[in-house]
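S.K.: Please read through the structure below; I'll follow up with questions.
The values are calculated or read from the model by the stated rules, or taken from the named source; none is laboratory data. Keep in mind the model is a prediction, meaning the values are calculated, not measured. Note that each Cβ is placed from the backbone with ideal geometry, even for glycine, and that neighbours are counted across all protein chains shown.
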Amino acid sequence: MIEIISTLLIALGIFIFFAGALGILRFPDFYSRLHPAGMIDTLGLLLTLSSLALYVLCHHGISGASVLNAMKIMIIVVFVYITSPTATHAIVDAGIRAGLVPWSKERREGEKP
């Protein structure tokens, strides 16, 4: 049963990674591409690493080593949840400070407002 749940979580995480990569390719400008990039980091990584932690915990039995490994994996998830939005915000701020203008439907590519 745990293998099925773990497989479903990994499949959902891979779908999120694929959808985010597709969003990075399809969105028109720098700012809108940062949103799927941040989603890939947070949600996709949460699902895949949670699945891995669940699998390690249940497949190897509840022992000291498996609990420690599952805790390490979840610490990685928490670290990414803290750093990914912060990094995305810093990148957007750098784009604004550099004078990068957001995409607009009325404006053509490369035109200044």
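S.K.: Condition first: surrounded by 10 or more Cβ atoms within 10 Å (Cβ to Cβ), part of a loop (DSSP other than H, G, I, E, B) and not polar (S, T, N, Q). Now tell me which residues in region 62-108 satisfy that.
M.R.: LEU100, VAL101, PRO102, TRP103, ARG107
S.K.: Among the residues of region 1-53, which ones are charged (D, E, K, R) and surrounded by 14 or more Cβ atoms within 10 Å (Cβ to Cβ)?
M.R.: Within region 1-53, ASP29, ARG33, ASP41 qualify.
S.K.: Sticking with this structure for a sec: Give the number of residues within region 20-35 that are within 16 Å of PRO102 (Cα to Cα) and either in a helix (DSSP H, G or I) or under 13 Å from the mean Cα position of the chain (by Cα) (or both). Outline the logic, then answer.
M.R.: At the first step, the residues of region 20-35 found to be within 16 Å of PRO102 (Cα to Cα) are 24, 26-35.
Still in the list and also either in a helix (DSSP H, G or I) or under 13 Å from the mean Cα position of the chain (by Cα) (or both): 24, 26, 30-35.
Result for region 20-35: 8.
S.K.: Here is a check on your reading of the model: is SER84 under 21 Å from SER6 (Cβ atoms) and either in contact with a helix residue (DSSP H, G or I) (Cβ under 9 Å, 6 or more places away or on another chain) or modelled with pLDDT of 90 or more (or both)?
M.R.: Details: under 21 Å from SER6 (Cβ atoms): no; either in contact with a helix residue (DSSP H, G or I) (Cβ under 9 Å, 6 or more places away or on another chain) or modelled with pLDDT of 90 or more (or both): yes.
Taking the combined requirement at face value, the residue does not satisfy it.
S.K.: Considering region 56-70 alone, what residues qualify as being at pLDDT below 80 and under 15 Å from ILE2 (Cα atoms)?
M.R.: Correct list: HIS59, HIS60, GLY61, ILE62.
S.K.: Just the residues that are without any contact (Cβ under 8 Å) to a residue 40 or more places away in the chain, of a type in the set (Ser, Thr, Tyr) and over 15 Å from ILE76 (Cα atoms), please, taken from region 34-65.
M.R.: SER63
S.K.: Could you list, ordered by first residue, the pairs with Cβ atoms under 7 Å in which the first is in region 95-106 and closer than 9 Å to ASP29 by Cα and the second is of a type in the set (S, T, N, Q), at least 6 apart or interchain?
M.R.: Pairs found: TRP103/SER32.
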